[in-house]
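Before any comments, here is the structure.
The values are calculated or read from the model by the stated rules, or taken from the named source; none is laboratory data. A quick note: this is a predicted structure, and the numbers were derived from the prediction, not measured. All Cβ positions, even for glycine, are placed from backbone atoms using ideal geometry, and neighbour counts span all protein chains on display. Ligands, DNA and RNA are stripped out before the accessible areas are found, and what is left, the full protein with its side chains, is counted by its heavy atoms. Shrake-Rupley method; radii C 1.70, N 1.55, O 1.52, S 1.80 Å.
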Amino acid sequence: AVLRLNKMITESGRKIFATNGEKADFDATVEKCKEVGGFIATPKNPGENDAILYFVKYFNTYAYLGIKQSLIPGKFQLLNGAQLNYTNWYSNEPSGKGEEECVEMYTDGTWNDKKCNKNHLIVCQF
């Protein structure tokens, strides 16, 4: 499945990131990564951010990250509810004031809060 296509794999530490170059909205990305036994890419440090950025640059498109707005508007957390210890927000982001619940990675590696219905590059981690 994902791992065979284009051999698009990067590694950081013990984590492997993979993409098949396809796009989907946030929920579908989460689902597709689960189907192949992975998890939506969630960078926990600069090295992991760079591993995801490689794909974002290669396909010149944005990717959703495994980060979602918490119950407090404008505050973000990991999908399991844990707090973010590493962030790489673009200047003056997050700015969605509660309207933008998902997080996308720009082609420079910085993050922006965004609505969850965009079609972005599917990047999974294993």
With a cut-off of 8 Å between alpha carbons and a minimum separation of six or more residues, what is the relative contact order of the chain in percent?
34
Nearest-ten-degree value, helix 46-58 long axis tilted from longest Cα axis of the chain:
70
Under 13 Å from the K44 label point (7 Å along Cα→beta-carbon), backbone N, the range 57-98:
78-80, 82-86
With the other protein chains left in place, how much accessible area per residue, in square angstrom, belongs to the range 2-125 at a 1.4 angstrom probe?
54
Report, in deg cm²/dmol and to the nearest 500, the calculated mean residue ellipticity at 222 nm for the chain, where each DSSP H run with n ≥ 4 adds -39500 (n - 2.57) and the sum is divided by the residue count.
-5500 deg cm²/dmol
Over the range 72-112, relative contact order from alpha-carbon pairs under 8 Å, at least 6 apart, %:
41
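At a 1.4 Å probe radius, which order do I72, I122, I9 fall into by accessible area, largest first? Kindly include the intermediate steps, with their values, before the conclusion.
Numbers: I72 105, I122 5, I9 75 Å².
Ranked from most to least accessible, the order is I72, I9, I122.
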Computed over the Cα atoms of the chain, what is the ratio Rg over Rh, Rh following Kirkwood?
0.93
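At a 1.4 Å probe, what is the % contribution of carbon and sulfur to the accessible area of the chain? Please report the intermediate quantities before stating the final value.
Details: 3190 of 6850 Å².
The nonpolar share, carbon plus sulfur, comes to 47 percent.
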Subtract the Cα-Cα distance of V36 and N92 from 0.36 nm times their separation in residues, and report this length gain in nm to one decimal.
16.6 nm
How far, in degrees from 0 to 90, does helix 26-35 lean away from the longest principal axis of the Cα atoms of the chain, to the nearest 10?
40
